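What follows is a short report on a single structure.
Just so you know, all these numbers are worked out from the coordinates, no wet-lab data involved. Note that this is a predicted model, so its numbers are computed, not measured. As a convention, Cβ positions derive from the backbone with ideal geometry for all residues, glycine included, and neighbour counts pool all protein chains shown.
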Ligand SMILES: C[S@@+](CC[C@H](N)C(=O)[O-])C[C@H]1O[C@@H](n2cnc3c(N)ncnc32)[C@H](O)[C@@H]1O
């Protein structure tokens with residue numbers, strides 16, 4: 001899934017920064033998990049991982065990547081579709097060997113998942129549902145997010161998931177594995193450039209390709225990992241870990257407004273009244289009301305404005321963290337300055353100031369550029385970005401800032417706890 005701020009290219013830096021501080025295991029909390037790229041990486045490294053994101057599409061990716069520790073059997077669904085799975089037509093199109101080669105040699109059996117992905121991706125009869133009606137030209141709303149044929153295929157998979165979910169035939173892991181595969185496949189053929197904030201007026205080459213669901217890789221693990229779909233600042237108070245990784249939105253662009261179609265795909269199976277849900281889609285892009293997804297991290301700090309903003313939200317998040325290390329990823333063009341971030345992290349660590357030379361790394365990478373950025377620049381058709389000192393056009397830096405709390409020796413901690421308990425007993429009436 002394409003997402004603004006995806007950290008796939010920064011994984012080695014994030015890992016290296018923590019390793020240099022002696023962090024090689026424990027519980028890693030990814031509180032804004034997005035595509036789950038970072039969460040997935042740390043699961044692979046052997047950490048216990050907790051991920052969270054308030055978007056349904058991101059949550060689906062995190063459940064599939066983290067909570068599933070072995071290829072699931074899909075017993076109930078395969079039983080229901082037994083005749084199709086045994087049919088000559090199915091067997092002709094389905095080859096096990098390429099799947100096994102692509103997935104390495106897992107300890108659990110990936111064939112049931114591969115069969116189900118083949119079934120939903122290639123064998124279901126097309127349908128004209130919400131995606132066709134709202135986001136394809138044939139649907140009559142004039143939107144060009146997917147070709148008609150692709151819309152019908154997405155609707156077929158959504159119908160399959162909804163029905164089997166209603167009948168209780170899919171476990172949480174099974175449902176989210178298929179959903180994650182569908183989200184990735186739909187995103188690859190969406191007629192957009194970057195975000196769903198706009199569709200292109202002519203079909204780009206990737207949108208002309210057929211939709212292909214790929215078998216997602218399951219990361220096998222003996223540990224229990226968890227994925228939440230909550231507000232970061234509420235959830236942080238309930239978690240404890242070794243590392244809290246913070247990668248929030250960094251500008252005013254709300255994710256809810258830019259990824260609405262992925263959200264619709266991800267939550268379709270759990271919507272109670274689909275008719276009312278579809279009727280509520282509005283505007284040029286078929287936006288879904290997204291009040292519940294408005295993030296304080298996209299609101300600039302402004303003395304004149306009341307209410308939550310990125311500075312108050314970030315301060316609250318970091319100071320509420322119950323972790324030994326807090327690692328923040330932030331874009332140099334973001335709403336917060338590095339001095340503001342450093343000041344909060346030094347409060348977290350209990351130090352007088354933030355040691356930028358030791359506790360901050362700067363990673364140069366390519367700027368994310370969406371279609372709306374390209375069209376925002378007026379006559380020239382390009383938003384003009386400031387070229388920052390010492391960088392080429394299109395290059396941008398990501399800051400990694402680390403705050404660490406001294407771990408008190410166990411005996412000192414026990415003594416402090418005992419003192420607190422004694423005080424509490426003495427204070428009791
Ligand atoms: C920069 S992206 C994270 C990218 C991620 N690290 C990756 O590699 O894909 C920020 C994410 O924060 C989520 N988000 C924004 N505000 C949130 C909040 N208050 N609570 C939970 N998630 C939030 C957005 O949905 C988005 O997926």
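Using alpha carbons only, how many angstrom separate the centre of the range 219-281 from the centre of the range 140-187?
17 Å
Say we join alpha carbon atoms closer than 10 Å with springs in a Gaussian network model of the chain; which of 149, 238, 15 then has the biggest fluctuation?
The residue that fluctuates most here is 238.
Defining a contact as two alpha carbons under 8 Å apart and six or more residues distant in sequence, what relative contact order in percent does the chain show?
Relative contact order comes out at 17 percent.
So if I take the alpha carbon set of the chain, get Rg, then get Rh from the Kirkwood formula, what is the Rg over Rh ratio?
A ratio of 1.00.
List 1, 144 from most exposed to least, where exposure is judged by having the fewest other Cβ atoms within 10 Å.
Exposure proxy ranking, most exposed first: 144, 1.
Just rank 404, 221, fewest to most, by other beta-carbon atoms within 10 angstrom. Each step should come with its number before you reach the end.
On the way: 404 20, 221 17.
Ascending Cβ contact count within 10 Å gives the list 221, 404.
Kirkwood Rh over alpha-carbon pairs of the range 247-298, then Stokes-Einstein at 37 °C and 0.692 mPa s: what D in µm² s⁻¹, rounded to an integer?
274 µm²/s
What do you get for the angle between helix 148-166 and the principal long axis of the chain? Use alpha-carbon atoms, 0 to 90 degrees, nearest ten.
70 degrees
Looking only at the chain, where both bridge partners belong to it, what percent of the DSSP beta bridges are antiparallel (to the nearest 5)?
Restricted to the chain, the bridges split so that about 50 percent are antiparallel.
Express the relative contact order of the range 1-155 as a whole percentage, based on alpha carbon pairs under 8 Å and six or more residues apart in sequence.
Relative CO of the range 1-155 lands at 14 percent.
Which value, in nm² and rounded to one decimal, describes the direction-averaged projected area of the C-alpha convex hull of the range 1-73?
Answer in nm², one decimal: 5.2.
If you take the square roots of the eigenvalues of the alpha-carbon gyration tensor of the range 181-277 and sort them as a ≥ b ≥ c, do you get rounded (a/c under 1.5), prolate (a/b over b/c) or oblate?
Details: a/c = 1.76, a/b = 1.52, b/c = 1.16.
Because a/c hits 1.5 or more and a/b exceeds b/c, the range 181-277 counts as prolate.
Fewest first, what order do 360, 314 take by the number of other Cβ atoms within 10 Å?
360, 314
In degrees between 0 and 90, to the nearest 10, how far off the longest principal axis of the chain does helix 338-349 point, with axes built from Cα atoms?
Relative to the chain, helix 338-349 is tipped by roughly 70 degrees.
Taking the 0 to 90 degree range and rounding to the nearest ten, how far is the long axis of helix 410-427 tilted relative to the main principal axis of the chain, both from C-alpha atoms?
Value to nearest ten degrees: 80.
Would you work out the relative contact order for the range 1-45, in percent, from Cα pairs under 8 angstrom that are 6 or more residues apart?
On the way: 21 pairs, mean separation 22.8, N = 45.
RCO, the range 1-45: 51 percent.
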